[in-house]
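Here's the structure we're looking at; comments come further down.
The values are calculated or read from the model by the stated rules, or taken from the named source; none is laboratory data. Every value quoted in this text rests on a predicted model; they were computed, and no experiment measured them. Cβ placement follows ideal geometry from the backbone for every residue including glycine, while neighbour counts extend to all protein chains displayed.
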Amino acid sequence: SKSARVDVGNRILQCEVPDVLEPGTVSIYVSMDQLTTWIPSGLEFRYTLQPEVLRIEPSIGYISGGTTVRVWVTNEVDSLGLLCFFGDTAVSATVVKAGLIECISPTTATPGKVGLSFSNN
């Protein structure tokens, strides 16, 4: 199941995230007594539509890294915690404008194809 980490004061909680039908923002409540009493955390969780990659440019770079890769996507992407994954290697990513993400390719020991994906979780 999907989960999200929530920082409440000096504690970090792992919460199960239920599915919803529509994008939107919900308030997060916390129970410390086996679901009898719910306390507002003052935090919110935002559901968004899953972005799909439309185009990636360039599709090739050097093993020394440093190539700015532009990724065009459908739907809105939050910039907080946004990462690009080149294979298993994560690098930070930047939202340039709605529908456009940029990330810098990392160094790699050997040339070859790698998958490119992104996450803001």
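Under 8 Å between Cβ atoms, which residue pairs at least 6 apart in sequence (or on different chains) link something in the stretch 39-67 that is among the charged types (D, E, K, R) with a partner that is in a loop (DSSP other than H, G, I, E, B) and modelled with pLDDT under 85?
46/78; 52/75
Tell me, which strands (runs of 3 or more DSSP E) wholly within the stretch 1-56 include 2 or more residues that are at pLDDT 85 or above?
24-30, 39-47
Give the residues of the stretch 30-73 that are exposed (fewer than 10 other Cβ atoms within 10 Å of the Cβ) and either among the hydroxyl-bearing types (Ser, Thr, Tyr) or touching a Cys at 6+ places or on another chain (Cβ under 6 Å) (or both), sorted by residue number.
36, 59, listed by residue number.
Part of a loop (DSSP other than H, G, I, E, B) and closer than 19 Å to residue 46 by Cα, is that true of residue 112?
no
For residue 77, only one of the following conditions fails: (1) touching a Pro at 6+ places or on another chain (Cβ under 9 Å); (2) farther than 30 Å from residue 111 by Cβ. What is its number?
Against the list (1) touching a Pro at 6+ places or on another chain (Cβ under 9 Å); (2) farther than 30 Å from residue 111 by Cβ, residue 77 comes up short only on (2).
Identify all residues within the stretch 95-107 that are assigned to a strand (DSSP E or B) and either aromatic (Phe, Trp, Tyr) or more than 17 Å from residue 54 (Cα to Cα) (or both); write none if there are none.
Residue satisfying the conditions is 104 alone.
Could you go through the stretch 74-95 and let me know if any residue there is surrounded by 12 or more Cβ atoms within 10 Å (Cβ to Cβ) and among the aromatic types (Phe, Trp, Tyr).
Within the stretch 74-95 (the criterion being surrounded by 12 or more Cβ atoms within 10 Å (Cβ to Cβ) and among the aromatic types (Phe, Trp, Tyr)), the answer is yes, since at least one residue qualifies.
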